[in-house]
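Peer 1: Take a look at this one; I'll ask things after.
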Amino acid sequence: MDCAVASAFGLSAGDCCLFFAQPNWKSILGGAAIGIVGLWLRAYAAGYLKKQEVLTTTGPYAFTRNPLYLGSAVLAAGAVWAMHSWISGCVLGAYFAIVYYIVMRREEGELRGHFGDAFESYARTVPLFFPRITPAKIEGRSAGAFSFAQYKKNHEYQATLGFLLLLGVLMVIWRLRGN
């Protein structure tokens, strides 16, 4: 069954990925290790992000304008590794690239409207997705430090719970398929 047929049965991209998943204990363990890096990056970024309050330009935001989404990409790579399926990887990769590109561009427009020239200056210095090697030197940058309270306020722990759930589902698939 291909993904078009799966979609006809009302299955989402995630369902399609799980259908084609061929996990084993090594792939799950490797995917978990990659996923930890993505979760760390998301947590690090969430501890700086004050949504709709200030233009965040410190911490990981001095390297990329979208460190949360970069962390999500690493997390998705961990999921693909854990699923151990090139079909699942293609589906998840295409879904991620299309959806997150649209989301990043929409959010860019919102930030431009909300922060004006400050965002324009930031956007000229810091890349949209792929990070700089060194942190950008941004004039007028407000000092900001990681805050665990901000991490909690942003509910970033939900990404960890979701990834753990995925790994659990993959372990069940592995055991049920007798691999």
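Peer 1: Just checking, does segment 105-119 include any residue being open to solvent by less than 30 Å² (accessible area, probe 1.4 Å), of a type in the set (Phe, Trp, Tyr) and at pLDDT below 95?
Peer 2: Taking segment 105-119 and keeping what is open to solvent by less than 30 Å² (accessible area, probe 1.4 Å), we get 108, 116, 119.
Retained after the next criterion (residues that are of a type in the set (Phe, Trp, Tyr)): 119.
Within this subset, residues satisfying the condition of being at pLDDT below 95 are 119.
Looking for residues that are open to solvent by less than 30 Å² (accessible area, probe 1.4 Å), of a type in the set (Phe, Trp, Tyr) and at pLDDT below 95, one finds at least one in segment 105-119, hence yes.
Peer 1: What's the total number of residues in segment 95-134 that are free of Cβ contacts under 8 Å to residues at least 24 places away in the same chain and under 17 Å from Phe20 (Cα atoms)?
Peer 2: Number satisfying all stated conditions: 0.
Peer 1: Any residue at all in segment 26-34 that's farther than 24 Å from Gly168 by Cα and of a type outside the set (D, E, K, R)?
Peer 2: No, segment 26-34 contains no residue that is farther than 24 Å from Gly168 by Cα and of a type outside the set (D, E, K, R).
Peer 1: Additional query: Of a type in the set (Asp, Glu) and open to solvent by less than 90 Å² (accessible area, probe 1.4 Å), is that true of Glu139?
Peer 2: no
Peer 1: Hey, can you tell me all the residues within segment 49-59 that are touching a residue at least 24 places away in the same chain (Cβ under 8 Å) and either in contact with a Pro (Cβ under 7 Å, 6 or more places away or on another chain) or open to solvent by 40 Å² or more (accessible area, probe 1.4 Å) (or both)?
Peer 2: Lys50, Lys51, Gln52, Val54
The values are calculated or read from the model by the stated rules, or taken from the named source; none is laboratory data. The shown structure was predicted, so the numbers you read here are calculated from the model rather than taken from an experiment. Ideal geometry is used to build each Cβ from the backbone, glycine not excepted, and the neighbour counts take in all protein chains shown. Ligands, DNA and RNA are excluded from the accessible area calculation, which covers all protein heavy atoms including side chains. Shrake-Rupley method; radii C 1.70, N 1.55, O 1.52, S 1.80 Å.
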